[in-house]
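A.B. asks: I have a structure I would like to understand better, so I am pasting it below and will then ask my questions one at a time.
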Amino acid sequence: MALATLTGIPISAGIAIGKAFFLNRSLFGQIPRHTLPVDQVEQEAQRLREAFAKGQAELAAIRERVPAELEEHALIIDSHLMIMRDPKLQGSAMNHLMSLRINAEWALEKAVADLEEAFDALDDPYFRERLQDVRLVADRVRSQLMDQKVDFRTLGSRAVLLAHDLTPADTVELQVDKIMGFATMQGGKTSHTGILAKSLGIPAVVGVVGMEEAVQDGSLVVVDGIKGLVVVEPTEEELARYGDLKYQFESYRVGITKNCHLPGETIDGYRIKVKANIELYEEVAQVIDNGGDGIGLFRTEYAYLNRVNLPGEEELFENYRDLADILAPRRVILRTLDLGADKFMAHFGRLEEQNPALGMRAIRFCLRHKDLFRTQIRAILRASVVGNVSLMFPMISGLKEIRQSVNLLRECQQELSREGLAYNPEMPVGMMVELPSAVMTAEIMAKEVDFFSIGTNDLIQYSLGIDRTNRHVSYLYQPLHPAVVRSIKHVVDAAHQAGIECNLCGEMASDPFCVPILMGMQIDAISLNPQTIPGIKHLIRQATMDDCKKLLKQVLESPTVARTNQLVRETIFQKFPDQLSYFYSLLDSEEGPSQ
Amino acid sequence: MPETTVPLKLDLDGGHDYVRLVCVLNEKGLHARPAAKLAQAAQRFDSVITIVMNGQEVDAKSILDILTLAAGHGANLELRAQGDDAGQALDALADLFKNRFQ
């Protein structure tokens, strides 16, 4: 058994195996390094030989204990044994020890460094990553040398980052390319960490309870971003199993990525656009590489965070223009600021809010601070002459808000005309439907805008009255609650009756159990994190609209969430049995209140 | 691309040098487990056995050397052996390739 297996919320699929590195904790535990007098060299060489021998014996003993049905795992241990015996490791360490007259730990470190160089030069990631096996083997020898379970704190290139939570600022300072996976104590499915991890395509688990106590810096950990586990100091067998799973997952990912540029079209010819949600310009490459049909949601908040001054119109204009330009002719939907008053304390003073989620945020905040809003709207308008730009307003609760917002946009257009600055007068203007009030009045709202975009994360929270980041009630976060399914259906129908498009962004769009239901509603586009696009497109391409409509009909007739979830699981499992384990699903936390 | 191996005896240095051309048939290439099997098999022989790919020659008895070849599916390799049991060694190793390391 591993030292500990901690559970959290899986947020970005994949398996990471590496050394724990706590953000904001001291990291370097020293490996002893010293030179030796000539007469001690032979004695030290003997110590190194013994450490290798003991390490081998230890591994061989583990090998013996592997039950016959796990022969596959035994083979991995065999390869570790081979590495331990390999002249390139032991021989090279011995050479360093003898020629440089250094202590065994240091010599071993140098031998690993030589191999690091050889492996790092390889192009093929599979072979490059075998260095991890070398490190595991070297660690075993080192623990023999140092006669203890040592914690190796050197942040190598195989770090698993552990943190309380990650902020956008952290992510700028981190060398993200060196990080294999994330695990954080805070956060829910839509937290920044998750969004970031998904956009980087690395495994992540958030909301992990008890991590600080259970994990030491340098502990070997597995982050299972498929099931939502953090395995601390796994056994050799567990490690072998995770090695296999990692390989399978990565092979699957390579397979679906090959076809991700094909259209998201069902077998019977129904096309659904599969777009990306992003917040950083840097993520554009991911969108293109993963076959995204444009950006369904560009979160514009990033430019406002982690800085003292508010961004000016020119800066925003340049950002938006560059984004539109690089993605043209793909459509880019820019969502205006969706931030609360707490983020702008320095500029507007702190508001005492009992309940910020229901407070002065998003469109309410922008309509209160019109100068800030105007600056952003003008920047978007000016960028609309390039590429294919649309704008949408978040958190619209009723007719008055959307009209106020659109009027402000018209005023900005007039200003720009007067100033002789170009903009596209035909730029589509849409709104997010994420409040129950907007759902209920969708027919009325549809006449005011060019498109809808349903934000399911907020819609579910506001419809069901729960805060999903609150562990005590997060089990109530039920995307297939009859109220939610009916709300979405109502909005899609209202949009289509009015002849406008209906998009959907939110975690439901990347859930393999939810997407077929949304397809049955004939949603025009879904928008999700770029990494999940290939998998979802793959599912769409294997489905038929006929089946999706049948499923939707059954779901609409189902009176309870439990029944719906069961129905959906059975249907989807039957259809895609081999692929579902690579997604994480919102349906997985349906059981009941956690302790 | 040869489906199986081509035996080829070169008359070099007194007749103990053998060369075989083999192709990596298994789908994942010479990844950790095949590499382990290959090195393990090579270690049973006294001959010096090397593998050549794209001009790079490595020790067939070293799993780490084999891994750093990064030989993928379809890669063509040359096995070389020198020693008293060179012929048997290459027969055994070539069989591994032919059987896809099963």
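The values are calculated or read from the model by the stated rules, or taken from the named source; none is laboratory data. Keep in mind it's a predicted model, so treat the numbers as computed, not measured. Note that we place each Cβ from the backbone using ideal geometry, even for glycine, and neighbour counts take in every protein chain shown.
A.B. asks: Test of understanding: among A:Thr560, A:Thr532, which residue is crowded, with 24+ Cβ neighbours inside 10 Å, under 25 Å from A:Ile9 (Cβ atoms) and of a type outside the set (D, E, K, R)?
C.D. replies: A:Thr532
A.B. asks: Please go through the stretch A:492-549 and give me each residue that is farther than 22 Å from A:Pro203 by Cα, in contact with a Lys or Arg (Cβ under 8 Å, 6 or more places away or on another chain) and acidic (Asp, Glu), ordered by number.
C.D. replies: The answer is A:Asp524, A:Asp547.
A.B. asks: Go through the stretch A:223-278 and count every residue that is outside any helix (DSSP H, G or I) and of a type in the set (Ser, Thr, Tyr).
C.D. replies: Selection size over the stretch A:223-278: 3.
A.B. asks: Can we say A:Gly225 is in contact with a helix residue (DSSP H, G or I) (Cβ under 9 Å, 6 or more places away or on another chain), crowded, with 22+ Cβ neighbours inside 10 Å and more than 30 Å from A:Leu3 (Cα to Cα)?
C.D. replies: no
A.B. asks: Still on this structure, I have one more. Would you call A:Asn457 buried (at least 17 other Cβ atoms within 10 Å of the Cβ), in the same structural domain as A:Pro329 (by TED's automatic domain parsing) and farther than 23 Å from A:Asn319 by Cβ?
C.D. replies: Yes; evaluated as a whole, the condition is true for this residue.
Okay, residues lined up against (1) acidic (Asp, Glu); (2) at pLDDT below 90; (3) on the phi < 0 side of the Ramachandran plot:
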| site | (1), (2), (3) |
| --- | --- |
| A:Glu282 | yes, yes, yes |
| A:Ile288 | no, no, yes |
| A:Phe298 | no, no, yes |
| A:Ala303 | no, yes, yes |
| A:Pro311 | no, no, yes |
| A:Asp322 | yes, no, yes |
| A:Gln354 | no, yes, yes |
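A.B. asks: Quick check on A:Gly499: is it surrounded by 23 or more Cβ atoms within 10 Å (Cβ to Cβ) and assigned by TED's automatic domain parsing to the domain that holds A:Leu435?
C.D. replies: No.
A.B. asks: If I ask for residues that are assigned to a helix (DSSP H, G or I) and buried (at least 17 other Cβ atoms within 10 Å of the Cβ), which ones from the stretch A:535-548 would you list?
C.D. replies: Scanning the stretch A:535-548 gives A:Gly535, A:Ile536, A:Lys537, A:His538, A:Leu539, A:Ile540, A:Met545, A:Asp547, A:Cys548.
A.B. asks: Within the stretch A:364-394, how many residues turn out to be farther than 22 Å from A:Arg331 by Cβ and not hydroxyl-bearing (Ser, Thr, Tyr)?
C.D. replies: Residues meeting the conditions: 11.
A.B. asks: Of all helices (runs of 4 or more DSSP H) completely enclosed by the stretch A:34-121, which ones contain at least 3 residues that are farther than 20 Å from A:Arg135 by Cβ and away from chain B (no Cβ under 13 Å)?
C.D. replies: A:41-65, A:92-100
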